[in-house]
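Participant: Okay, handing you the structure first.
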Amino acid sequence: MTLQSRIMLDVDTGIDDAMAIVYALNHKDISLEAISTVYGNSDVGTTTRNTLQILEAAGRVDIPVAAGASRALTQAFHGGVPHIHGANGIGDVVMPAPKTQPVDLWGPDLIIKVIRDNPGEISLVPVGPMTNVAQALMKAPDIAEKVKQIVLMGSTISHPGVPGIPSPMADANFYNDPEAARIIFQSGAKVTAVGMDVTMKTKLTSKMMGDIALAGGPAAKIAMEAARFYLRAYQKQYPGIDFCALHDPLAVAVAQDPSIVTVATMFVDIECRGEMTRGQMIPDRRATGKVIPNASVAVDVDAREFEQLFLQTMKL
């Protein structure tokens, strides 16, 4: 019998975050244990509300949700990206106000509690700015050894970075709080980076959206309605494109089945000061014998396999 992967998500829900939540809920080999929320695609109040709404639509109000950081470690939050995720952060899809409330814990404290209560069992999957995870690691450094792994959605080595930010080779999550990302890579935890080098190869097409909306449950239908907004945003950013990328769901999939991607083991650090490089992940590949790897970085993906897995899982 296949053992379930026990996963905690850290999200800035967000359209692809919503897809990641539904994917984790639907996957037969994943147990979604808890969720912490953070600013990013929207303010933390909005991302928390969206998370609760998706869980309620899925009938999973048993999963604890804790609101976390409202800003980065060293800079203010200047607003979300409504042109990508809609004014309400979920593609302007209207959902009932949530009946449930977040638990009475700060997001980083819920991370600490879940990991300490289940040493060696929890895969932590942050798919927004890494502030909550960094705060947890600073407050409780012991969780770096107690967490099973951290599989984060962030970085790029070869693929161009996200449009609309000054750094041409940075993704949005690392750019929003590079200091937090640096703390994770320096923590000693087992870290896998799933970034734009692989996520931009995974495609959610209009036809796939229709297939999932037709067969999937209420939460999947909401996510696919929101994905229509996401696709239009992609088409404005990348003229001629006929898909949007499955960024956050791929990170969840890798936490459960790392064979979906090919990784390179290397030492990486995050640039925090450069005018044109803030948020960029810098790999040190020098063969000096003194460079000790601190991360596995996804460099390729079986996109067809994952797309089929995503389609099948979302339709459950």
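The values are calculated or read from the model by the stated rules, or taken from the named source; none is laboratory data. Being a predicted model, the structure only gives us computed values, none of them experimental. We place every Cβ from the backbone using ideal geometry, glycine too, and count neighbours over all the protein chains shown. All accessible areas refer to the heavy atoms of the entire protein, side chains included, with ligands and DNA or RNA removed. Shrake-Rupley method; radii C 1.70, N 1.55, O 1.52, S 1.80 Å.
Participant: Work out Dmax and Rg for the chain from the C-alpha atoms and quote the Rg first, both in angstrom.
Facilitator: Rg then Dmax for the chain, in Å: 17.8, 58.
Participant: Using the Kirkwood radius built from alpha carbon pairs, what does the Stokes-Einstein equation give as D for the range 210-260 at 25 °C and 0.890 mPa s, in µm² per second?
Facilitator: On the way: Rh = 12.4 Å.
Value of D from the Cα-based Kirkwood radius: 198 µm²/s.
Participant: Tell me what the chain gives for mean residue ellipticity at 222 nm when only DSSP H runs of n ≥ 4 count, each as -39,500 (n - 2.57), the sum divided by the residue total, rounded to 500 deg cm²/dmol. Write out the running numbers ahead of the final one.
Facilitator: Details: 13 runs with 123 residues, N = 316.
Taking each H run of at least 4 residues, the total per residue is -11000 deg cm²/dmol.
Participant: Reported to two decimal places, what Rg/Rh ratio describes the range 20-94 when computed on Cα atoms with Rh from the Kirkwood expression? Don't skip to the end; give the middle numbers.
Facilitator: Details: Rg = 13.2 Å, Rh = 13.2 Å.
Radius of gyration over Kirkwood radius for the range 20-94 works out to 1.00.
Participant: Starting from 0.36 nm per residue, how many nanometres of slack lie between THR288 and ASP104 once their C-alpha separation is accounted for?
Facilitator: Working: separation 184, 0.36 × 184 = 66.24 nm, distance 4.89 nm.
Answer, rounded to one decimal: 61.3 nm.
Participant: Moving on to the next point. Hey, can you find the accessible area per residue of the range 27-75 for me, probe 1.4 Å, expressed in square angstrom? Spell out each step's value before the answer.
Facilitator: Values: 1570 Å² over 49 residues.
Accessible area per residue: 32 Å².
Participant: Using Cα pairs closer than 8 Å and at least 6 residues apart in sequence, work out the relative contact order for the range 154-197, in percent.
Facilitator: Details: 51 pairs, mean separation 21.0, N = 44.
Once divided by the residue count of the range 154-197, the mean separation gives 48 percent.
Participant: If you don't mind, there's one more thing I want to ask. How much of the pair distance distribution for the range 121-169 lies past 12 Å, counting alpha-carbon pairs only, in percent? Before the final figure, lay out each step's value.
Facilitator: Details: 824 of 1176 pairs.
The proportion of pairs with Cα distances above 12 Å equals 70 percent.
Participant: I've got another one for you. Determine the distance separating the Cα centre of the range 40-79 from the Cα centre of the range 104-142; give it in Å without decimals.
Facilitator: About 15 Å separates the Cα centre of the range 40-79 from the one of the range 104-142.
Participant: Quick check on the range 156-201: take the gyration tensor over C-alpha atoms, sort the square-rooted eigenvalues as a ≥ b ≥ c, and tell me if it's rounded (a/c under 1.5), prolate or oblate. All intermediate terms of the calculation are to be shown ahead of the outcome.
Facilitator: Working: a/c = 2.93, a/b = 1.42, b/c = 2.07.
Note, shape of the range 156-201 comes out oblate.
Participant: In Å², what does the accessible area per residue of the range 231-278 work out to with a 1.4 Å probe?
Facilitator: Details: 2230 Å² over 48 residues.
Averaged over the residues of the range 231-278, the accessible area is 46 Å².
Participant: Right, something else. What full-extension length gain, to one decimal in nm, is calculated for THR74 and GLN308 as 0.36 nm per residue of separation minus the Cα-Cα distance? Could you put the intermediate results ahead of the total?
Facilitator: On the way: separation 234, 0.36 × 234 = 84.24 nm, distance 4.04 nm.
Once the chain is fully extended between THR74 and GLN308, it gains 80.2 nm.
Participant: Could you work out the relative contact order of the range 44-189? I mean the mean sequence separation of Cα pairs under 8 Å and 6+ apart, divided by the number of residues, in percent.
Facilitator: On the way: 204 pairs, mean separation 33.0, N = 146.
Result for the range 44-189 is 23 percent.
Participant: Looking at GLN75, PRO98, VAL133, which one has the Cα that reaches farthest to the positive end of the dipole of the chain (charges on Cβ: Lys, Arg +1; Asp, Glu -1)?
Facilitator: Toward the positive end, the furthest listed residue is GLN75.
Participant: Once you keep just the Cα pairs under 8 angstrom separated by 6 or more residues, what percentage relative contact order results for the chain?
Facilitator: Details: 742 pairs, mean separation 62.9, N = 316.
Contact order relative to length: 20 percent.
Participant: Given the Cα-Cα distance of ILE241 and LYS28 and 0.36 nm per residue of separation, how much length would full extension add, in nm? Mind dumping the intermediate values first?
Facilitator: Details: separation 213, 0.36 × 213 = 76.68 nm, distance 3.20 nm.
Here the segment from ILE241 to LYS28 would lengthen by 73.5 nm.
Participant: Reachable lysines from LYS201, Cα under 25 Å, same-chain residues fewer than 8 places away excluded?
Facilitator: Cα-Cα hits under 25 Å: LYS28, LYS190, LYS221, LYS236, LYS315.
Participant: Right, here's the next one. In a GNM of the chain with a 10 Å cut-off on Cα contacts, which of GLN149, GLN235, GLN186 has the highest mean-square fluctuation?
Facilitator: GLN235
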